[in-house]
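Contents: one structure, followed by commentary.
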Amino acid sequence: MAMADPALSFVIPLYNSAETIGPLVKAIEALVVEGGHEIVLVNDGSRDATAAVCRKLVIEARVPVIYLEHARNYGEHNAVLTGWRRARGAHIVNLDDDGQNPPGEGVRMWSHARTTGLDVVFGHYAVKQHSAWRNAGSWFTNRMTDWALDKPAGFYLSSFRCVSAFVAREVAAHTGPLPYIDGLILQVTQRIGSIEVRHEERHAGTSGYTLRRLVRLWLSAWVNFSVLPLRLATVLGLVMAVTGMVGFGVVLYLRLMDRGPQFGWGSLMAALLVFSGTQLVLLGLIGEYIGRMFLAVSQRPQSVVREVLRGGE
């Protein structure tokens, strides 16, 4: 007989998580959730023993566990969407794989979502246990999304979130190769809220978020969901053009009054570098938009699942 769908799914994207995922799964298994809960593990191309650890967890599972293995590393947001497509819960909580998001806080977020009828509840950290540069990156990302996304100004977006099955289903229908989940969520619903949650020290290992990954995330947040960068580029181009015209007028006036300065190679090259550099930046921005459209049109896969295992049923 088929088991009823659980009330809550925990979706955890994994990357080199062999040292941390075992205790986290055991902590989730120990939770008491009205209506039952399940765990969805998505191994996003880990290079350590994460796969072996997860296979053992599936065999020993005391609650339903689904293990999904990507054929290669695609990125955290891609892995989350893979998990959402397989999750069966009426609500889904995302957890990081490093143990910094206490599972009990996820249950609090789920209870708040049910009580208030919100589609999405984000966890807002009272104190973040990240490095200074990582905190600065998160702050910058949220300031950028204030401009680029349709969300309340200053509202904190977090990867520790609880979403309804409705939102997860609509967002997971997106097949683009470079997804940004919070942007997709805000295109589906405005019934969002947040509660303050604990953020614990990382249990082991180091963060997989490098500066390169953060820059890629910033580009997805801006370029995928807004034409604001193109409008800023237009404004910058107009400012540079007006500046050039004003400069030309000043030079012409000085020449007519026979007061023109003796311009040399240095000043000429400085002006040339400023204008040509600005043009290259604008061309690069336009190229980023075109490149992302090319990847979408050429149907670059968002993810490929190599293996699916189930346990604890």
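So, of the residues in the range 62-98 that are over 18 Å from GLY312 (Cβ atoms) and touching a Lys or Arg at 6+ places or on another chain (Cβ under 7 Å), which turns out to be surrounded by the most Cβ atoms within 10 Å (Cβ to Cβ)?
Narrowing the range 62-98 to residues over 18 Å from GLY312 (Cβ atoms): 70-82, 84-85, 90-91, 94, 96-98.
Going one step further and asking which of them are touching a Lys or Arg at 6+ places or on another chain (Cβ under 7 Å), we end up with 70-71, 94, 98.
Values: HIS70: 23, ALA71: 12, ASN94: 27, ASP98: 23.
Only one residue tops the list, namely ASN94.
Could you check, for the range 296-311, whether at least one of its residues is modelled with pLDDT of 75 or more, among the small types (Gly, Ala, Ser) and part of a loop (DSSP other than H, G, I, E, B)?
Kept after step one, since they are modelled with pLDDT of 75 or more, are these residues of the range 296-311: 297, 299-311.
Within this subset, residues satisfying the condition of being among the small types (Gly, Ala, Ser) are 303, 311.
Okay, now just the ones that are also part of a loop (DSSP other than H, G, I, E, B), so 303.
Yes, there is a match, as at least one residue in the range 296-311 is modelled with pLDDT of 75 or more, among the small types (Gly, Ala, Ser) and part of a loop (DSSP other than H, G, I, E, B).
The values are calculated or read from the model by the stated rules, or taken from the named source; none is laboratory data. Note that this is a predicted model, so its numbers are computed, not measured. Cβ sites come from the backbone with ideal geometry, for glycine too, and all protein chains shown count toward neighbours.
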